[in-house]
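Have a look at the structure below before the remarks.
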Amino acid sequence: MHFTPGHDHYHEALETGGLDARAKIVAWLGLAIAGVLTPWGQWPVLGAYGACWLLLCLALAAPLLKVLRRVIAASPFFLLLAVLLPFRPLEPGDHALALGPLTLSAAGSELALDMAAKATLSVACVAALASTESLAGVTRGMQRLGAPALFVTLMNFTFRYLLVLREETQRMKRARDARAFGGRWLWHARVVGLMIGSLFLRSIERAERVHQAMASRGYSGGAFAVSSRALSGAEWLLIASCLLLFVVVRLLPL
Amino acid sequence: MTAPAISVKNLSFRYPDGVPALEGVSLRVAQGERVALLGANGAGKSTLMLHLNGLHESRGEVEILGVPVLRRNLKLVRQRVGLVFQNPDDQLFCPTVFEDVAFGPRNLGLPESRMEEVVTHALAQVGLPQAAQRSPLHLSIGEKKRAAMATVLAMEAEILCLDEPTAGLDPRGRRELMDLLKALSQTLLVVTHDLELARSLCSRCVIMARGKVVAEGETSDLLGRQELLLEHGLA
Ligand SMILES: Nc1ncnc2c1ncn2[C@@H]1O[C@H](COP(=O)(O)OP(=O)(O)OP(=O)(O)O)[C@@H](O)[C@H]1O
Ligand SMILES: [Mg+2]
């Protein structure tokens, strides 16, 4: 999920009278779940969910281009699996498809397409959520929605320590480059190896000090304290209409 | 007799790797007093600070306003003692400065309706009124130092422990911070290498060396003893 330093979408949203993270989480995750639960081979329904995605993006003013770029950037990871499926051995009831010199399993191909479509839709939902809400906002929203405290804490700390790790890496790289790092690859590899080792040590020690600093400001474990407000009419409307839409799409004789 | 703000008796502490950081330290700070904690690098000043918030467990007694720093009192103790860490990177960890300053008050249960006001006030106090929506990662070191200070001011603790608050500040920032500290009514324990700051702010000084308190007394008296300062790497 993305995180824009220096930009708290959450407060901005609150200040500009935007929607609470909870409403957005329910809308986007609802769509992803509806998509994944679509039975096999119901292409029109999946297509309609795709249209819902576009509609929601427009309704919530998600930056479409940015979101699509993110989906494309992430696609190799989730499409890799699907690429292998058509090559599975033929099973009874299946038939072969010829693709040049290759023989593909028809059932495997359809399964691959189905998986790819669903994965793309889910990733697109998460990417859209991430572009309309900061990660801090999402975790707070999850917490207010009643997600288990352990889950929320884990998310908060993962986020927190990822930042520590990133920061430490940046500092070490800077320190290294400032001392004219370069030259032969063997030397290079050795330095990188040493850096990774010390990155972990430094990160662990920093994580410990960060935890001390949090404790000294009254943090006693568990989820971070959040304040809550009642959902507004507009937010309830968004939640209700999204859920209704997703159910109706599924039940329509498409 | 009212309890001292800070009372440390015979405190000893070793880091897990065996480094003896504190060896029988005793220290007393009365309520409302401003004390400077001086000492060369590695003397154990920061380590002592962490003990005032119960962040290390060790042998010896630490009491805050008469309350022993024990596991069951940690919440109360941390509410009363605000600690500004030496390295601001350890202290700042939220996506925005606003969130970071709000972290402590939120943990103390401050209602959200007052948050804006408290955070804005704290940031104004340290001279960072424009930084609320910026990322702490991208502040300069001096700005980080000020932001870290704000995170603790916002908690309105009765005792403030500051670890080198003027390190990295520009001259104006340093002067403004000194003015701010002078205007505060809280008890102050300030770790510093800035003798000027100690002179103008603190009535009493404590000098540490190699894990021990080696001298303490009136600022004007102690800081006038050149051979003492030289011996402990302060001049
Ligand atoms: N996490 C740690 N693990 C092991 N040893 C440590 C650790 N932190 C500090 N020390 C050691 O404990 C001793 C006291 O350190 P401390 O940080 O308290 O010094 P200090 O007086 O704050 O110094 P400075 O003026 O440089 O900030 C030093 O010898 C230091 O090397
Ligand atoms: Mg120190």
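Remarks
- Some residue of the range B:31-41 being within 16 Å of ligand 2 (Cβ to nearest atom), loosely packed, with under 15 Cβ neighbours inside 10 Å and assigned to a loop (DSSP other than H, G, I, E, B): yes
- Cβ-Cβ under 6 Å pairs, at least 6 apart or on other chains, the range B:79-90 side within 8 Å of another protein chain (Cβ to nearest Cβ), far side of a type in the set (S, T, Y): B:L83/A:S216
- Restricted to the range B:97-132, and to residues there that are within 10 Å of chain A (Cβ to nearest Cβ) and touching a Gly at 6+ places or on another chain (Cβ under 7 Å), the residue that is least open to solvent (accessible area, probe 1.4 Å) is B:G104.
- Hey, B:G54 of a type in the set (G, A, S) and either surrounded by fewer than 17 Cβ atoms within 10 Å (Cβ to Cβ) or outside any helix (DSSP H, G or I) (or both) or not: yes
- Helices (runs of 4 or more DSSP H) wholly inside the range A:72-181 containing at least 3 residues that are outside the structural domain of A:V45 (by TED's automatic domain parsing), over 28 Å from A:L55 (Cβ atoms) and open to solvent by less than 50 Å² (accessible area, probe 1.4 Å): A:149-178
- In the condition set (1) in contact (Cβ under 8 Å) with a residue 12 or more places away in the chain; (2) surrounded by fewer than 22 Cβ atoms within 10 Å (Cβ to Cβ), B:A198 is compliant with all but (2).
- Candidates B:V77, B:V25, B:V35, B:V69: the one that is within 16 Å of ligand 1 (Cβ to nearest atom) and over 15 Å from B:L162 (Cβ atoms) is B:V25.
- Just one of (1) within 16 Å of ligand 2 (Cβ to nearest atom); (2) surrounded by 15 or more Cβ atoms within 10 Å (Cβ to Cβ); (3) among the β-branched types (V, I, T) fails for B:V19. It is (2).
Residue-wise test of (1) surrounded by 15 or more Cβ atoms within 10 Å (Cβ to Cβ); (2) touching a residue at least 12 places away in the same chain (Cβ under 8 Å).
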{"position": "B:E176", "(1), (2)": "yes, yes"}
{"position": "B:L181", "(1), (2)": "yes, yes"}
{"position": "B:T187", "(1), (2)": "yes, yes"}
{"position": "B:S203", "(1), (2)": "no, yes"}
{"position": "B:R225", "(1), (2)": "no, no"}
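- Within the range B:159-182, considering residues that are within 14 Å of chain A (Cβ to nearest Cβ) and away from ligand 1 (no atom under 16 Å from the Cβ), the one nearest to B:A122 (Cα to Cα): B:L160
- Residue under evaluation B:D90, criteria (1) modelled with pLDDT of 90 or more; (2) assigned to a helix (DSSP H, G or I), criterion not met: (1)
The values are calculated or read from the model by the stated rules, or taken from the named source; none is laboratory data. Everything numeric here is computed off the predicted structure, so don't read it as measured data. Note that each Cβ is placed from the backbone with ideal geometry, even for glycine, and that neighbours are counted across all protein chains shown. These area figures cover heavy atoms from the full protein model, side chains too; ligands, DNA and RNA do not enter into them. Shrake-Rupley method; radii C 1.70, N 1.55, O 1.52, S 1.80 Å.
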